[in-house]
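Inspection log for the structure reproduced underneath, given as C-alpha cells.
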Amino acid sequence: MKRLLKILVLVLILALVLKSFVVDAFKIPTGSMKDTLLEGDFLLVNKVAYSISTPYQIPFIGKRLSRTELISIGKPEFNDVVAFEVPANIYDPTSEEYSVLIKRIIGLPGDTIEIKDQILYINNKKYRTPSFIKLNLNESPIENINKDLFPYNNKWSLENYGPVVIPQKGMEVELDPKDILLWQNAINTDYGKKVVSVEGSVINIDNQPIRKYIFEKDYYFVLGDNRKNSIDSRYFGYIPEEWIIGKAFMIYWSQLPVQSTGISDYYSSIRFSRLMQSID
C-alpha cells in the first residue's frame with residue numbers, strides 16, 4: 001500500500017512538472033481556427049518550443065503568474081499555431097483576468113501587415129497561402145464583428161485591414177496624438193503597466209512628455225484561420241513574445257460538441273480521423 005502511494009505521488013509530481021514546464025493541453029471552444037482546428041478539438045502545446053520559462057499559471061488551478069524566461073531556445077516563426085494569453089483588459093497588462101487563445105502567427109517583429117479584399121500582404125508583397133494551411137474565407141460572420149477593430153480610430157474591416165507595422169525590439173517610432181493608438185498598448189506592455197496618457201497634443205509616458213519611443217520587446221500579429229469569425233490581432237493588437245505559452249503541435253482528442261445521452265451517442269461524437277493529427 002505504501003509503495004502504491006509513493007508511485008501515485010511520484011506520478012502526480014511528474015504530471016505537475018510536465019504541465020508546468022514542458023507540455024500543456026487546451027480545448028478549442030470556438031470555430032475561430034476552422035478548418036485547421038475545430039470546436040471540440042483537444043490540443044497539446046509544446047511549452048519549450050521557444051524557451052524554458054517559469055509557469056504562466058498554477059497548474060490545475062488557473063491562477064495567473066508572472067512568467068520569467070529561464071533559457072531561450074528559439075523564436076516564434078511565421079505560420080506557427082501558438083497558444084498565448086491576453087489580458088481581459090487589453091489596455092492594462094497587469095490585469096488579473098485573462099484568456100488563453102489559439103491563433104496563427106502571420107506577422108513577425110518589424111513586418112508590415114495589410115489585408116486587401118481578404119488577401120494578406122506582408123511587407124507590401126501578396127502572400128500566397130500554402131495548400132497545407134486550411135483557411136476558411138467564405139463562412140459568414142456570426143454577428144457584426146467589424147466594430148472596435150484595433151487601433152480603434154479607423155474605418156477598417158476584417159476584409160480590408162491595415163497597414164500596420166509590428167513593433168520590434170529596438171524600433172524607434174515618432175509619437176503624436178493621431179497615431180498613438182497604434183503604439184500605446186505595446187508601450188504599456190513594455191513597461192508592464194499603464195503609462196501612456198494624452199494631454200491635448202502632448203504624449204506622456206510615465207508622466208513625462210515624449211516625442212519618440214524605442215520598443216524594448218518583440219511583438220507578433222496573429223490571425224485565426226476562420227478569418228471572418230476570429231477575435232485576433234485585428235481586435236486586440238500586437239502580442240509580445242512573453243505572452244506566448246508555446247506551439248500547438250498535435251490534436252490528441254476530438255469530439256463533436258453535442259450533448260450525449262448514452263454510450264452510442266458518445267461514441268458517434270468522437271472524430272476518430274482527427275485523433276493524433278499533427279497541426280500545420
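Nothing in this text is a laboratory measurement; each read-out follows from the coordinates by a stated rule. All values derive from a computational prediction rather than experimental measurement. Here the Cβ positions follow ideal geometry from the backbone for every residue, glycine too, while neighbour counts run over all protein chains shown.
Distances between placed amide hydrogens fall under 5 Å for ILE203 paired with ILE210, all partners being 5 or more residues away or on another chain.
Between the beta carbons of THR112 and SER273, assuming R0 = 41 Å, the FRET efficiency works out to 0.60 to the nearest 0.05. For the stretch 218-280, the relative contact order works out to 29 percent when only alpha carbon pairs closer than 8 Å and six or more residues apart are counted.
Taking every alpha-carbon pair in the stretch 170-216 and binning the separations at 5 Å intervals from zero gives 5, 23, 38, 27, 5, 0 percent.
What length, rounded to one decimal in nm, is gained on full extension from ARG64 through to LEU137, with 0.36 nm per residue of separation minus their alpha-carbon distance?
22.9 nm
Distance cut-off 32 Å, Cα to Cα: go down the list LYS34/LYS155; LYS6/LYS34; LYS125/LYS194 and report the pairs above it. Provide the component values of the computation, followed by the final result.
Details: LYS34/LYS155 26 Å; LYS6/LYS34 44 Å; LYS125/LYS194 35 Å.
Checking Cα-Cα distances, LYS6/LYS34; LYS125/LYS194 exceed 32 Å.
If R0 is taken as 35 Å, the Cβ-Cβ distance between GLU39 and ASN204 corresponds to a FRET efficiency of 0.20.
Between ASN160 and TYR127, the contour length at 0.36 nm per residue exceeds the alpha carbon distance by 10.4 nm.
Just checking the listed ones, ASP35, ASP176, ASP218: in the Gaussian network model of the chain with Cα springs under 10 Å, the one fluctuating most is ASP176.
Along the axis of the charge dipole computed for the chain (Cβ charges of +1 for Lys and Arg, -1 for Asp and Glu, origin at the Cα centre), the listed residues ILE13, SER254, SER140 are led at the positive end by ILE13.
In whole percent, what relative contact order does the chain give with Cα contacts below 8 Å and a gap of six or more residues?
Values: 566 pairs, mean separation 64.8, N = 280.
23 percent.
Highest GNM mean-square fluctuation among ILE263, ILE71, ILE28, for the chain modelled with Cα contacts below 10 Å: ILE263.
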